[in-house]
Structures are given as structure tokens and as C-alpha cells.
Amino acid sequence: MRLGIVTLSFNQARFLAEAIESVHLADPERLDYVIVDPGSDDGSREIIERYRRRFGRILSEPDHGPPDGLNKGFTETSADILGYLNSDDRFAPGALDYVLRWFERRPEVDVLCGAIRIIDEYGRPSLRRRTPDRIDLRRYAYETCFFWQQATFFRRAAFLKTGGFNLSSQTAWDGELVVDMALAGCRFAYTNKILGDFRIYGDSITGSGRLSAALRLDRVHMREKILSAGVPRASTLEVRVMKALYKFNLRRQWSYLFEPEELEAGR
């Protein structure tokens, strides 16, 4: 079994080397690493060249945005298990070896969702991690269910069931891929082990809020996709109750701080 990782790189040179170095397996022969950089002009290309021996492929042609770049990257690997990493994020030490062992032991699982840490632009972690919620499409449609791209891995067969990332999405292509895998009947499992670090800082999409309008549109699109698949629509009152219960869920808050990192199986 082999693991394929795609890194999206575009003008984030100050974080890129750290991201690349976090993509590591004890047995490098089992890793197929693809990097996609459609035209950085901030020194990223020079960093990529410095690490050239780490990559199975380097894609440097222009693309039509991150979803297109990811689709191109995944077509360049035939690995059994797939994941991806933005160039300003990083994987946790040992995470990729853990992921391969997980999928080897659980042939019935299509998608693994793990925990993350939030880090700042200097790599300093917050005190609390973020554990994944069990996938519930109705709750996800109303923004009371969350999982984390930096800690999500899936079988190639699950990815192929979806048709790939939605090229029209400007902000939520990662969440929509998981929604599409759930709608396709893929089987999910969960772990509270930290598999990745999500960097939030002033220039990032999340930290800056510069694409908030596009995010709202992408969220509406995903909600309608989920509801059109037969998931029951919620009333305004139900949504308010769902959001309140999620916000004040002590079990969820406890998991951020103290939940043991044992494996959890699930749909």
C-alpha cells in the first residue's frame, strides 16, 4: 500500500519548506509526493527545486484555481491512500505512518478524519486541538458539523466516486469533497489523534476573511446539494437549537482538551 500526497503551493514561500519537510514516511518508497505550483513569483519555485528529490512529480503549469490544481495533482499519483496539504499548513510528526497503518488494518474504511492543532504564523500551537465531528450531512448543511482537511485521508476509490473537486468552489472545495464522498456511500472512521496543523494568520483565507462572501455562496451551494439528495430541511427554530446545542456541547469541548487519542470506528 502506498500513500499519495498533493501539496498546493502559491506564493507562500515563508511556510513552504516547513510544509514539505512535514511530508514524511519511515519508508519513503511508499510515499508518492506531488507538488502543484501554477506560477509563484515569491521564491517558492526555488524552494521546490531545492527539495526536488522529495517529489514524484512537480506540476508547474497554470491552472484554474486550487480545486483544478488538486484534481491535476491526484491524477499524477496511483497511490492507494490520498491526502493533501496546503503550503502554509503541515502534517504532525509520524502522522503519515499512522495513516498508512490505519488503512492497512481497516480495509472496510474509505475515509479517515483526524484531529488538528491550530497554529499561528510562527508555528506556535493553541492550547486546544480540534477533534472531528462524526459526519452528519444534515448538521453539516446547517454548519454544526466540522472536520479538518489537514487530517482527512481517503482511499483512491472513494475519491474516484466523487468526480474530484468542484472547480466552481472558491473556498470550500475540501468540505464539498467530503460531502460528495458521504453522498456516494463511503464509510468513515475517526481518530482524535492529531494528524495535522492548520495555520491561521492575517493573510490566510480563514484569518483574513477576504473571501467571506464567496464562502457564504459555497455554503449555500453545499446545503442545497445535501438537501436535494433527500436530507430533511430544518426550520429556522431547528437550526437555532442545533447551533446552540453544538456551541454548548460539553462532550465536544472536553474532546478538544482531554479526549484520549484512541481510534474510533464509525460510518
With every protein chain in place, what's the accessible area of L137 (1.4 Å probe, Å², nearest 10)?
30 Å²
In Å³ and rounded to a whole number, note down the convex hull volume per residue for the Cα atoms of the chain.
126 Å³
When DSSP beta bridges are limited to those with both residues in the chain, what percentage is antiparallel, rounded to the nearest 5?
35 percent
Suppose the chain between E46 and E76 were pulled fully straight at 0.36 nm per residue; how much longer would it get relative to their current alpha carbon spacing?
8.6 nm
If the only charges are +1 at each Lys and Arg Cβ and -1 at each Asp and Glu Cβ, what is the size of the charge dipole of the stretch 73-232 around the Cα centre, to the nearest 20 debye?
480 debye
The stretch 1-84, Kirkwood Rh and Cα Rg, ratio Rg/Rh at 0.94
Loop-located chymotrypsin sites (Phe, Trp or Tyr not before Pro) in the stretch 113-222 whose Cβ has at most 13 other Cβ within 10 Å (DSSP):
Y122
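Note down the net charge around V6, summing +1 for each Lys or Arg and -1 for each Asp or Glu among other residues with Cβ under 14 Å from its Cβ.
-2
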If I take R0 = 35 Å and measure r between the Cβ atoms of N11 and E143 in this structure, what FRET efficiency does the formula 1/(1 + (r/R0)^6) give, to the nearest 0.05?
0.75
What spacing in nm lies between the two simple spin-label points modelled at Q170 and E224, each 7 Å away from Cα in the Cβ direction?
1.6 nm
Pick out, in residue order, every one of the GluC sites (Glu not before Pro) in the stretch 81-162 that is DSSP loop and has at most 11 other C-beta atoms within 10 Å; say none if there are none.
E108
Could you give me the percent of Cα pairs per 10 Å distance bin for the stretch 39-149, shortest bin first, beginning at zero and ending with the bin that holds the maximum distance?
10, 32, 39, 18, 1
Got a sec? Charge dipole of the stretch 1-123, +1 on Cβ for Lys and Arg, -1 for Asp and Glu; which of M1, P67, S40 is way out at the positive end?
M1
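The values are calculated or read from the model by the stated rules, or taken from the named source; none is laboratory data. A quick note: this is a predicted structure, and the numbers were derived from the prediction, not measured. Quick reminder, even Gly has a Cβ in these numbers, built from the backbone with ideal geometry, and neighbours come from all protein chains shown. The area values use the complete protein model at the heavy-atom level, side chains included, leaving out ligands, DNA and RNA. Shrake-Rupley method; radii C 1.70, N 1.55, O 1.52, S 1.80 Å.
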